[in-house]
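Colleague: Sharing a structure with you now.
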Amino acid sequence: MANLLEVKNIETYYDLVYAIRGASLAVEEGSITAILGNNGAGKSTILKTIMGQIEDQPDKGIIEFNGKPIQHIDTDKIVRKGIAYVPEGREIFDELTVHEHLLMGAYTRKDSEEIKQDIDQVFKYFPVLKNRTNQWAGTLSGGEQQMLAIGRALMLRPRLLLLDEPSLGLSPILVKEIFSIIQEINSKGTTILLVEQNANMALSISSTGLILENGRFVMKGKSKDLLEDKDVKEFYLGIKSETSAKGYQRWKRKKAWR
Amino acid sequence: MIDFIQMIVSGVAVGSTYALMGLAMVIIYKTSEVPNFAQGEMALITSYFAMMLLTQMNMSVYLAFFLSFVFAVVLGCFLEFAILRRAKEPNVLGMIVITIGIEMIILGFVSWKFGADQKTMPFPIGPYDSFIIGDIFISKLAVLTLVTALLFMIILYLFFKYSKLGLAMKATQQNSVAAQIIGIRTNRTLMMTWGISSLVGASAGLLISPTIMHPFMMWDPMLKGFAAAVMGGMTSLPGAVIAAYMLGIIENLFGGYVSIEFKTVVAFVIIVLVLCIKPSGLFSKHYIKKV
C-alpha cells in the first residue's frame with residue numbers, strides 16, 4: 001500500500017540542541033507503526049516536528065503527508081489535512097467539560113449530525129467518559145484524561161493519528177485496555193503512528209517498529225522480528241539472555257546502536 | 001428614605017459603566033490572562049472618533065455610532081495584531097507593561113489631536129434628561145447604560161457557554177498548545193477577543209461621553225471596572241457585573257453617609273479586602289490543579 005506519511009531525512013534543533021539528526025520514516029496507510037527509544041532519544045520531538053509545534057523546524061528535510069509537503073506550515077493547517085495528535089501528558093482543558101472537549105475536537109468540522117454520531121462512537125470506545133459528560137476535565141483521573149485526549153483526537157476523523165506515549169502513568173490493566181482500543185480504531189481504517197516506552201505492548205500491536213537512538217533511527221523491521229531480536233530483547237524488553245548458575249551477571253551485553 | 005433610594009439608584013447607574021468596563025477586561029483576561037490596562041483609552045479614542053463624526057462630518061447619530069463600533073472592533077484587532085502579537089517570548093508581566101504603554105500612547109494622541117479641555121458630545125439623550133418617579137430622579141442615560149450592560153452580559157455569557165467560537169476562546173486560554181493541535185487558529189482567536197472586548201469597552205465610553213468628555217474621562221471607570229473584575233474573580237462575566245453594581249452602590253452610600261472626599265477610595269479598599277480574604281474572587285469557581 002501507499003505511504004500516507006513520509007518523513008525524509010529531517011533535522012530538528014531546539015535552539016542550539018541538535019535533537020533529530022537526520023531521521024527518515026514511512027507510515028503505510030492503514031498500518032500501526034511504533035517508534036521506540038530511550039528517554040531523550042527524540043521520539044516526541046519527531047511527532048512535534050511533524051505537527052509543526054516547534055517554531056521554524058525542521059531545519060532540514062521533507063515531511064510529506066499524502067504526497068504533499070507539510071513542513072513549515074501552521075499547526076492548524078496540518079490538522080485540517082487530517083492528522084490528529086495526542087500529545088504526551090494529555091494536554092486537556094481543565095475547565096471545559098467532557099462534552100465540550102469532544103465538540104472542540106470537531107472544531108474544524110461542519111457536519112453537526114455526524115459529529116453527534118462520532119460523540120456516541122467515542123462513548124462506545126470509552127464508556128467511562130459517558131458518566132462524566134458534564135464534568136470538568138480537570139477533575140477526571142489520569143486514565144480518564146488519557147481516554148478523553150484520544151477521544152478528542154478521534155473527533156477530527158483523522159486519516160493519521162499520532163499517539164505520544166498513551167500508556168504514560170497508567171495501570172497495567174488500563175494500558176491493555178487502551179492498546180486494544182487503539183487496535184480497534186486502526187481496524188476501522190485510521191493509520192496510527194505510535195511513540196512508546198512500553199516496547200512489549202507497542203510491538204505486539206504494531207506491524208512495523210523503528211528504534212530511535214540519539215536522534216537517528218538505528219533499527220527498523222517487522223514488529224514480530226524485532227520482538228525476537230536479541231538486542232531489542234536485552235535493552236527494551238528486559239529479558240536477560242544469559243544467567244550464571246549462581247544468578248550473578250558477570251558481563252553485560254553491549255551494543256553500539258549506530 | 002428618599003435620599004437612601006436616590007443613592008442606590010445613582011449607585012446602580014454608575015455601576016453600569018463599571019460593569020461594561022469590567023466585562024471588557026474579563027473578556028481579554030479570559031483568553032490571554034492579561035489585564036488590559038489600555039481598555040479605558042481604547043474606549044476613549046472611540047468616543048472621540050464618534051464625536052468627530054458627529055460634529056465635523058454631520059453624520060446621523062445611528063450611522064456615526066455604527067461606524068464607531070466598527071472602529072472599536074478594528075482598533076482592538078489592530079492592537080493585538082500589530083503590537084501584542086509581535087512581543088518576543090511574551091510573559092504576562094511583559095504583556096501588562098505593553099498594555100500600559102498602549103494606554104499612554106493613545107492618551108497622548110487624543111490630548112494632542114483634540115485638546116485636553118472638556119468637550120460636549122452631541123448625544124441624543126442629554127445628561128439631565130430623567131424619568132421622575134415620586135421624588136426620585138432616574139436619568140435616562142443611566143437606564144440606557146443599565147440595559148446595555150445587562151444585555152452585553154447575557155449575550156456574552158451565552159456566547160462563551162454555547163457558541164463554538166466562545167468555547168474556542170476559553171480553550172485557547174486554558175491550554176494554547178492543546179488548542180492548536182485540535183485546529184484552532186489561536187492567534188486569530190485572540191485577535192477576535194480583542195475586537196469584542198474593545199466593542200464592549202467602547203459602548204461604555206460612548207455612554208459616559210455625554211456627561212464628561214476629556215482625555216482622562218475613562219480613568220475612573222476603567223480602574224473601577226478593573227476593581228469589579230478582580231472582585232468577581234477575573235474570569236466570571238456575571239461575577240464582574242454583580243461586583244460592579246455592588247461597588248457602585250457601596251461607593252455612593254459611603255459618599256452620602258460617611259465622607260464624600262474618600263468616596264472613590266472605597267473601591268480600592270474593597271479590592272484589598274477581597275484579595276486578603278478570598279483572593280480567587282467572590283464569584284469565581286475554579287478547578288484547583290492537583291499536583
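Colleague: How far is it, in nm, from the label point at A:Ser207 to the one at A:Arg80 when both lie 7 Å from their Cα along the line to the Cβ?
Modeller: Rounded to a tenth, the inter-label distance reads 3.1 nm.
Colleague: Further question on the same structure: Name the most mobile residue of A:Leu156, A:Leu36, A:Leu174, meaning the one with the largest mean-square fluctuation, in a Gaussian network model of chain A with Cα contacts below 10 Å.
Modeller: Judging by the Gaussian network model, the answer is A:Leu174.
Colleague: Express as a percent, rounded to the nearest 5, the fraction of DSSP beta bridges in chain A (both residues included) that run antiparallel.
Modeller: 55 percent
Colleague: So how do A:122-134, A:215-227 stack up, highest first, on mean other-Cβ count within 10 Å?
Modeller: By packing density, highest mean first, the sequence is A:215-227, A:122-134.
Colleague: Over all residues in B:180-192, what is the mean tally of Cβ atoms on other chains that come within 10 Å of each residue's Cβ?
Modeller: The mean count of partner-chain Cβ atoms within 10 Å per residue comes to 6.
Colleague: Give me the 1.4 Å probe accessible area per residue for the protein assembly as shown, excluding ligands and nucleic acids, in Å².
Modeller: Values: 25720 Å² over 549 residues.
Here the residues of the protein assembly as shown average 47 Å² of exposed surface.
Colleague: Could I ask something else about it? Which residues of segment A:84-107 bury at least 20 Å² of accessible area once all protein chains are present, versus their chain alone (1.4 Å probe)?
Modeller: Those residues are A:Tyr85, A:Glu91, A:Phe93, A:Asp94, A:Glu95, A:Leu96, A:Glu100, A:Met104, A:Tyr107.
Colleague: How many angstrom lie between the C-alpha centres of segment B:126-152 and segment A:36-96?
Modeller: Taking the Cα centre of each part, segment B:126-152 and segment A:36-96 sit 56 Å apart.
Colleague: Restricting to DSSP H runs of at least four residues, report the calculated mean residue ellipticity at 222 nm for the protein assembly as shown, -39500 (n - 2.57) per run over all residues, nearest 500 deg cm²/dmol.
Modeller: -16500 deg cm²/dmol
Colleague: Right, something else. When only the heavy atoms of the protein chains count and the probe is 1.4 Å, how do B:Val200, B:Val12 rank by accessible area, highest first?
Modeller: Numbers: B:Val200 0, B:Val12 40 Å².
Largest to smallest exposure gives the sequence B:Val12, B:Val200.
Colleague: Is segment B:1-140 rounded, prolate or oblate when judged by the Cα gyration tensor, a ≥ b ≥ c being the square roots of its eigenvalues, rounded requiring a/c under 1.5 and prolate requiring a/b larger than b/c?
Modeller: Oblate is the answer for segment B:1-140, as a/c is 1.5 or above yet b/c matches or exceeds a/b.
Colleague: Next question, about the same structure. Name the residues of segment B:1-30 whose amide N is less than 18 Å from a point 7 angstrom out from the Cα of B:Phe131 along the C-beta direction?
Modeller: Inside the label zone: B:5-17.
Colleague: For segment A:1-89, state the average projected area of the convex hull of the C-alpha atoms over all orientations, rounded to one decimal in nm².
Modeller: Over every viewing direction, the Cα hull of segment A:1-89 projects on average to 5.8 nm².
Colleague: Shifting gears a bit: Over chain B, with a Gaussian network built from C-alpha contacts below 10 Å, which listed residue (B:Gly22, B:Gly225, B:Gly233) shows the highest mean-square fluctuation?
Modeller: The residue that fluctuates most here is B:Gly233.
Colleague: Another question about this same structure. Would you kindly give the portion of the calculated P(r) for segment B:175-245 that falls above 13 Å, as a percent of all Cα pairs?
Modeller: 73 percent
Colleague: Could I ask something else about it? With +1 on the Cβ of every Lys and Arg and -1 on the Cβ of every Asp and Glu, and nothing else charged, how large is the dipole of the protein assembly as shown about its Cα centre, in debye rounded to the nearest 20? If you can, show how the numbers build up before the last one.
Modeller: On the way: 53 positive and 46 negative charges, 349 e Å.
For the protein assembly as shown, the charge dipole is close to 1680 debye.
Colleague: Between B:Ser163, B:Ser60, B:Ser130, which gets the highest mean-square fluctuation from a Gaussian network model of chain B, Cα cutoff 10 Å?
Modeller: Highest fluctuation of the listed residues: B:Ser60.
Colleague: Could I have the simple spin-label model distance between A:Lys224 and B:Leu150, label points 7 Å from Cα toward Cβ, reported in nm to one decimal?
Modeller: The answer from the label model is 7.3 nm.
Colleague: In Å², rounded to the nearest 100, what is the total accessible surface buried by chains A and B against each other with a 1.4 Å probe?
Modeller: Values: alone 13390 and 14640 Å², together 25720 Å².
For chain A against chain B, roughly 2300 Å² becomes buried.
Colleague: For peptide B:6-18, compute the average count of partner chain beta-carbon atoms within 10 Å of each residue's beta-carbon.
Modeller: Across the residues of B:6-18, the mean count of other-chain Cβ atoms within 10 Å is 0.
Colleague: Taking 27 Å as the cut-off for C-alpha to C-alpha distance, list the pairs among A:Lys68/A:Lys224; B:Lys30/B:Lys164; A:Lys68/A:Lys116; A:Lys188/A:Lys222; A:Lys43/A:Lys116 that go past it. Each step should come with its number before you reach the end.
Modeller: On the way: A:Lys68/A:Lys224 31 Å; B:Lys30/B:Lys164 15 Å; A:Lys68/A:Lys116 31 Å; A:Lys188/A:Lys222 21 Å; A:Lys43/A:Lys116 34 Å.
Over 27 Å apart, Cα to Cα: A:Lys68/A:Lys224; A:Lys68/A:Lys116; A:Lys43/A:Lys116.
Colleague: Mark the label point 7 Å from the Cα of A:His72 along Cα→Cβ and return the residues of segment B:165-185 whose backbone N is within less than 15 Å of it.
Modeller: Output list for this probe position: empty.
Colleague: Residue by residue through segment A:165-173, what is 3J(HN,Hα) from phi via Karplus (6.51 cos²θ - 1.76 cosθ + 1.60, θ = phi - 60°)? Round to whole Hz and write x for glycine and proline.
Modeller: Result, rounded to whole Hz: 6, x, 8, 4, x, 10, 6, x, 5.
Colleague: Something else: For segment B:67-139, what % of the accessible area comes from carbon and sulfur atoms, probe 1.4 Å? Intermediate values should be presented prior to the final figure.
Modeller: On the way: 3290 of 4570 Å².
Answer for segment B:67-139: carbon and sulfur cover 72 percent of the accessible area.
Colleague: Using θ = phi - 60° and the Karplus curve 6.51 cos²θ - 1.76 cosθ + 1.60, what whole-Hz ³J(HN,Hα) does each residue of segment B:9-16 get, with Gly and Pro shown as x?
Modeller: 4, 6, x, 4, 4, 6, x, 4
Colleague: What does the convex hull of the alpha-carbon atoms of the protein assembly as shown project to on average, in nm²?
Modeller: 32.6 nm²
Colleague: Return the percentage of antiparallel bridges among DSSP beta bridges fully within the protein assembly as shown, rounded to the nearest 5 %. It would help to have the intermediate numbers written out before the result.
Modeller: On the way: 27 of 46 bridges.
Expressed as a percentage, antiparallel bridges in the protein assembly as shown total about 60.
Colleague: OK, next. Whole-Hz Karplus ³J(HN,Hα) for segment A:113-121, in order, using 6.51 cos²θ - 1.76 cosθ + 1.60 and θ = phi - 60°, x for Gly and Pro?
Modeller: Once rounded to whole Hz, the list reads 5, 6, 4, 4, 4, 5, 4, 4, 4.
Colleague: Hey, rough spin-label estimate for B:Val177 and B:Asp117, points 7 angstrom out along Cα→Cβ, what's it come to in nanometres?
Modeller: 5.8 nm
Colleague: Where the centroid of each part is defined by its Cα atoms, how far is segment B:209-227 from segment B:75-107 in Å?
Modeller: 20 Å
Colleague: Same structure again: What residues qualify as long-range amide H neighbours of B:Gly233, i.e. H under 5 Å apart, gap of 5 or more or another chain, H built at 1.01 Å from N?
Modeller: Under 5 Å from the amide H of B:Gly233 lie the amide H atoms of B:Leu282, B:Phe283, each far enough along the sequence or on another chain.
Colleague: Still on this model: Using R₀ = 22 Å, calculate the FRET efficiency as 1/(1 + (r/R₀)^6) where r is the Cβ-Cβ separation of B:Ser280 and B:Lys161; round to 0.05. Can you show the working numbers first?
Modeller: Numbers: r = 20 Å, r/R0 = 0.92.
The computed FRET efficiency comes out at 0.60.
The values are calculated or read from the model by the stated rules, or taken from the named source; none is laboratory data. This is a predicted model, so every value here is computed, not measured. Reconstructed Cβ throughout: ideal geometry from the backbone, glycine too, with neighbour counts over all protein chains shown. When the accessible area is computed, the model is the full protein with side chains, heavy atoms only, and any ligands, DNA or RNA have been set aside. Shrake-Rupley method; radii C 1.70, N 1.55, O 1.52, S 1.80 Å.
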